[in-house]
Amino acid sequence: MFVLGIDPGLSRCGYGLVARGEEDGRLRAHAAGVLETDPGAPLPERLLELWTELRALVGELQPGVVVVERVFFQVNAKTAMSVGQASGLALVTAREAGCEVAQYTANEVKQGLVGYGAATKEQVQRMVAQVLGLRAVAGPPDVADALALAVCHLTTVPLRRAVDAALVAEAAPR
């Protein structure tokens, strides 16, 4: 299963495609990068450009799951608005393509990947590189964040499914 992580942003939207190897079970990055829009362009044009690029990306990569970072808290309202708009485009694009969609906050990703919800960006980048067998993650931090989202999903979803199954079994009448 290919999982596409998206670190939403209007100026820079990071993406990373990760899959688990069938033979060895290791996680591997298959694609990563950033989609960028011109900060000087009008907002509607930037949103259209990002949506067009996201649609092309999802169409080309054909992920089974798209994981988008959930905006949990932002100090800067302007940043929160643009991240929210980019996040909405990513969610709609994924559903339009028929992909399963998941969302994690930055703290959930840090906890799942590093084991500490307040991990630094550098710690996340190092762990992403280690888990994926890379020397380093190339590109801006948005790339490592997107790869971290995909890795987090691939490593935590089995546990989440087991917990859900146990809760359903516990709730079933006896």
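The values are calculated or read from the model by the stated rules, or taken from the named source; none is laboratory data. Since we're looking at a predicted model, the values are computed, not measured. Quick reminder, even Gly has a Cβ in these numbers, built from the backbone with ideal geometry, and neighbours come from all protein chains shown. Areas reflect the complete protein model, heavy atoms only, side chains present, ligands, DNA and RNA absent. Shrake-Rupley method; radii C 1.70, N 1.55, O 1.52, S 1.80 Å.
Numbers at a glance
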{"item": "Semi-axis lengths (Å, descending) of the ellipsoid that matches the C-alpha gyration tensor of the range 1-57", "result": "30, 9, 6"}
{"item": "Two-site FRET efficiency, Ala169 against Ala56, from Cβ-Cβ distance with R₀ of 45 Å, rounded to 0.05", "result": "0.60"}
{"item": "Length-normalised contact order of the chain in % [C-alpha pairs under 8 Å, at least 6 apart]", "result": "28 percent"}
{"item": "Tensor-based shape of the range 23-119 (alpha-carbon gyration tensor, a/c under 1.5 rounded, otherwise prolate or oblate)", "result": "oblate"}
{"item": "Listed peptides 99-105, 37-43, 86-92 by packing density, highest first (mean Cβ within 10 Å)", "result": "86-92, 99-105, 37-43"}
{"item": "Where Rh is the Kirkwood radius over Cα pairs, Rg/Rh for the chain", "result": "1.00"}
{"item": "Heavy-atom accessible area per residue - the chain, 1.4 Å, Å²", "result": "55 Å²"}
{"item": "Extension gain, Arg126 back to Glu45 (0.36 nm per residue minus Cα-Cα distance, nm)", "result": "25.6 nm"}
{"item": "Span from the the range 25-81 Cα centroid across to the the range 109-151 one, whole angstrom", "result": "17 Å"}
